[in-house]
Structure formats: structure tokens, C-alpha cells
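Peer 1: My structure is below; once you've seen it, I'll send some questions.
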Amino acid sequence: SGIWLGVEWDDPQRGKHDGSYEGTQYFKCRHPKGGSFIRPNKANFGVDFLTAVKDRYGLNDKQDAQYGTGSTVVFGTKTVEFVGMDSVAEQQRQQLNKLVDISVRECAVSHAGQEEEISRTCANMRHINLSKNLISSWETVIAIASQVQNLETLNVSENKMRFPSTSTFISSAFSKLKILALNQTGITWTEVLLCAQGWPVLEELYLSSNNITVLERPDTVLQTLKLLDLSDNQLLDGNQLHLIAQLPRLEQLILRNTGISSIHFPDAGFGCKTKMFPSLKRLAINDNKISQWSSINELDKLPSLRALQCNNNPFMDTEKNPETLIQLIIAKISQLEVLNNCEILPAERRGAELDYRKIFGKDWLEAGGHWNPEKNKPSEEFLAAHPRYPALCLKYGAPEEGELKGQQPLTLKNQLLTLTIKCPEKPEQKPVEKKLPESMTIQKVKGLLYRLLKIPGSELKLSYESSKLEGKEVELDNDLKPLQFYSIESGDCVLVRW
């Protein structure tokens, strides 16, 4: 009996049914147990935008009336008189007009309020956080934004909204908008493209957790976009990315937890650059299902890629040693400067590339590789697995026969490096030959050299010259790294300065 409201919970565990009672379907739910019936007095229908702003930042009208000029308040047995509260309220209203950055997150905002009231009260707003409110349609967002003349940043995440299904009306409310967050709003990619006609200068778009499964080509919209976040949407198919690959200014693409299992740029062959994603500098593909190293090879085709996040993918389980894993990724992607938020130092890149060249040198020979350039014709299969190998041979020379001997058992004898120790700025110190374990850290090497060369307590600077690359000196600049990290080999010369 009486009036009931049908509600669907954001968290379906709180519901009881699908909107039906005793065989009658009163409303529909996306989840079979996501619905409940509640009495109207239990529901909060929200407040207008300005009421929420005043509640958070200033005095609303009720408070103004309570603390008018000369009002009194009783504390226990004492009566306290407030004088001049109206002028304080006026000052706070003026402060609202100065606010540039406004957040009314989780303030039950459901509608815009009276027309032009927002623009009169908060004329200088540029950045608005409207996340986790009770906004139910994109029209409400437009009604608020159209009263903010210089709106640059807008976050309306965690509002379950209806979006326009046709482009009948394009608002000018977002003519200066640069950053927009629509996470957990239920928006589809088709709706994004329709609304995007009203975002002429948008640079950053956040769309995580929206059940977006299909992309379409944004031919005339989003052309100014620099960052796109599609994380936690189940795209599954890496070929979907080809549909957004022509965005001319896109510099950062976040695809964390999108279910993709492979990446491929079919327009470019081995060792060539793709025309797709021409400006892409930063890519996040962590928490996905990429199992093949061929997808990492493909990333070398991106002409502008400088930073990559790829943790928690099955291909990373193929190599037990985490150091070797990092070296393989670095060697495969030539212009990478940051991997999983760690900067790649020049010495680290050089070491990774030299090791890669050695590790796969035997495979290269067996596949038709040769020291003589005229006879060097590795198979298509080898080039598909190691597209950067020819470039590494050009950079460092083809691996020599001595480097390609089969892996010897890891006895201590096999791990010892025979190194010459020189002090270039102290000619009176004669070069010394020492056998050091390749696992010895630079810090321990320094400790040994203090004792060996009888150096007083001062700052040691170590570097080394490779016996194969004359004239090139590499700094041993990280005390915590072992000698093998820098690809030092027997016969190389360690230079000591202080």
C-alpha cells in the first residue's frame, strides 16, 4: 500500500530483486538482484549546484538568516550576541566570486538551479569537481557548464548519466574545456563521439570503468586530444586500437586492464616505423593479457614512444631473472627512456643491447647470419622474433665468435673477470691485473681498490674501457649495481680517479 520508489543500487549486493514483485515488473535493472523498493522519505533527491557550493564554501541563506545583525545564541547559561554577521556573510559571498577551483564532490548535486545564478555568484570558476553526485543526465552538466565562462577542467565521474543519442544540439558550454573526466558514468564510445563535437579544444579525456568494448574512428572530433585514458574497459582486441591510431596529437594512452592480448601495426615491416600514433610518447599497457614478445617488438615501430608501463602481463613470466627481463625490453625498443617509471640510463641501454646481441648471436648464425655483410641473410623467422638485431649489429658490430661460445656452467671460475686496473691521472701507479667476480658490486670494488692502491679516504670515480670498442669510456656510476650490469668482460680496463 502507499507510494514506493524503485531504485537500482550502484552496488548490486545491496539489492533484493530485479524490479518485480509478485509477478509484476515495476521497473528494470541491469543486474538481476540490483533493485529495491523504498519509501519516498528515505530518498535524497539532491540539491542545486549553488546550494552545494555555499554549503561547502560559504553561508547559505538559512545560515544568513540565523546570524543576522544583532542575533543572539545561548551557550549553557551565557547569552552571546553576534554583531555584524551580515557583513561577514557578504565577505564570504565575495570570496565565492574569487574562487577559481571548486569541488562539490559527494554533495548530492542533482540539478543546475536557477538560470544565470551560478554565473553571478561564481564568475571566476575554471576548475570544477562534480564527481560522485546525483546528476542523471548530460543536459544537467551542460546547464551548469554554460554558466561558467572560462571552464577549463571538469570532473563528473561516478555519476550514472544519460547521454544524447543524436547530435541534434551542440552546446558551446565547453568551448574552452581542456580536461574532462567521465570515469564510471556508463558512457559508450558512440556517445563520446557525439558529445565530443562540443569539445573543440579538449586535451585530456578520462574514460575508465565505463564498459566500453567497441571503438569507432573519431574522424572529425578529438583532434586536439593529448591524453586518453581507457583503463578498466574490456576492449579485448588490440586491433581496436587501429581505430584511434590517427589522432594526430595524442601523446599519452592509458590502456591498463583492458584485456588486450596483442599489439600489431600491420602498415610497417621489420625495423620500420608505423604511421599510426604519430605523436604517442607514453603508453601504459600494464595489467593486461599480452603473452607474446612479438607485441613488445611491435612497440619499436612507434616513432615517438619514450615511456612504457607493462607490468603484470604474461610475457613477463617467460623470464625468471627480473634484470634480464628489463634488459630484453630495453634492447627491443630503441628509443625508450623510461620503463615502468624507472629512467633508463645510457650505460644501462648499452649493457642491455650488448647482452642482447650476445645472447641471440648463436641463433642469428644458425638462421643465416654472417660476419660478412654480403653473406649475412638471416631468415624471416629470426627477423620476426628479433627485428632490432640487424640495427644492433650495425651499432656495435656483429658478435665475434668468442662471444658466442655455449653457456658454460656457472662455477665461480667461469664468473671471474680478468681486469686491468689503471689510474690514468697517476702515471706513477703501475697497472694491476685482478680477477673479480662479475657479481661484485661497484661499492665493493671501490673498497677493494682503496686497500689495493692505498688511497686515503676520498671519493673514487670508476669507469671502464672495453677491449672491443676503443676510445669509448663508460662510467660505473651506480654503487649498488654488479659489474655484470655494465657488460664488463675479461680483458677490459677499469680506470680509477680520485
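Peer 1: Is region 185-196 home to any residue that is buried (at least 19 other Cβ atoms within 10 Å of the Cβ) and closer than 16 Å to Glu158 by Cβ?
Peer 2: The answer is yes, given that some residue of region 185-196 is buried (at least 19 other Cβ atoms within 10 Å of the Cβ) and closer than 16 Å to Glu158 by Cβ.
Matching residues to (1) open to solvent by 20 Å² or more (accessible area, probe 1.4 Å); (2) part of a helix (DSSP H, G or I); (3) in contact with a His (Cβ under 9 Å, 6 or more places away or on another chain); (4) modelled with pLDDT of 95 or more:
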residue	(1), (2), (3), (4)
Ala268	no, no, no, no
Gly271	yes, no, no, no
Phe277	no, no, no, yes
Ser291	yes, no, no, no
Pro303	yes, no, no, yes
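Peer 1: Out of curiosity, is Leu436 open to solvent by less than 40 Å² (accessible area, probe 1.4 Å), at negative phi, modelled with pLDDT of 85 or more and in contact with a helix residue (DSSP H, G or I) (Cβ under 6 Å, 6 or more places away or on another chain)? Before you say what the answer is, go through the steps one by one.
Peer 2: Values: open to solvent by less than 40 Å² (accessible area, probe 1.4 Å): yes; at negative phi: yes; modelled with pLDDT of 85 or more: yes; in contact with a helix residue (DSSP H, G or I) (Cβ under 6 Å, 6 or more places away or on another chain): no.
Judged against the criteria, Leu436 is not a match.
Peer 1: Which one of these does Val47 not meet: (1) at pLDDT 95 or above; (2) farther than 26 Å from Ile102 by Cα; (3) surrounded by 14 or more Cβ atoms within 10 Å (Cβ to Cβ)?
Peer 2: In the conditions (1) at pLDDT 95 or above; (2) farther than 26 Å from Ile102 by Cα; (3) surrounded by 14 or more Cβ atoms within 10 Å (Cβ to Cβ), Val47 misses (2) alone.
Peer 1: Restricting the search to region 440-466, which residues are surrounded by 12 or more Cβ atoms within 10 Å (Cβ to Cβ) and modelled with pLDDT under 80?
Peer 2: Passing the criteria: only Ile455.
Condition check ((1) farther than 18 Å from Ala112 by Cβ; (2) assigned to a loop (DSSP other than H, G, I, E, B); (3) assigned by the TED database to the domain that holds Val104; (4) touching a Cys at 6+ places or on another chain (Cβ under 7 Å)) across all residues:
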residue: Ile128; (1), (2), (3), (4): no, no, yes, no
residue: Lys132; (1), (2), (3), (4): no, yes, yes, no
residue: Glu158; (1), (2), (3), (4): yes, yes, yes, no
residue: Leu177; (1), (2), (3), (4): no, yes, yes, no
residue: Asn183; (1), (2), (3), (4): yes, yes, yes, no
residue: Leu222; (1), (2), (3), (4): yes, yes, yes, no
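Peer 1: Taking the stated definitions as given, is Asn321 open to solvent by 20 Å² or more (accessible area, probe 1.4 Å), farther than 16 Å from Phe270 by Cβ and under 21 Å from the mean Cα position of the chain (by Cα)?
Peer 2: Considered against the rule, which asks whether it is open to solvent by 20 Å² or more (accessible area, probe 1.4 Å), farther than 16 Å from Phe270 by Cβ and under 21 Å from the mean Cα position of the chain (by Cα), Asn321 comes out as no.
Peer 1: From the list Leu283, Leu236, Leu255, which one is farther than 28 Å from Lys176 by Cβ, assigned by the TED database to the domain that holds Lys178, hydrophobic (A, V, I, L, M, F, W, C) and open to solvent by 70 Å² or more (accessible area, probe 1.4 Å)?
Peer 2: Details: Leu283 fails: open to solvent by 70 Å² or more (accessible area, probe 1.4 Å); Leu255 fails: open to solvent by 70 Å² or more (accessible area, probe 1.4 Å).
Going through Leu283, Leu236, Leu255 in turn, just one is farther than 28 Å from Lys176 by Cβ, assigned by the TED database to the domain that holds Lys178, hydrophobic (A, V, I, L, M, F, W, C) and open to solvent by 70 Å² or more (accessible area, probe 1.4 Å): Leu236.
The values are calculated or read from the model by the stated rules, or taken from the named source; none is laboratory data. Predicted model only: the values in this text are computed from it and were never measured. Don't worry about glycine lacking a Cβ; one is built from the backbone with ideal geometry, like all the others, and counts go over all protein chains shown. What goes into the accessible areas is simple: the full protein's heavy atoms, side chains included, and nothing from ligands, DNA or RNA. Shrake-Rupley method; radii C 1.70, N 1.55, O 1.52, S 1.80 Å.
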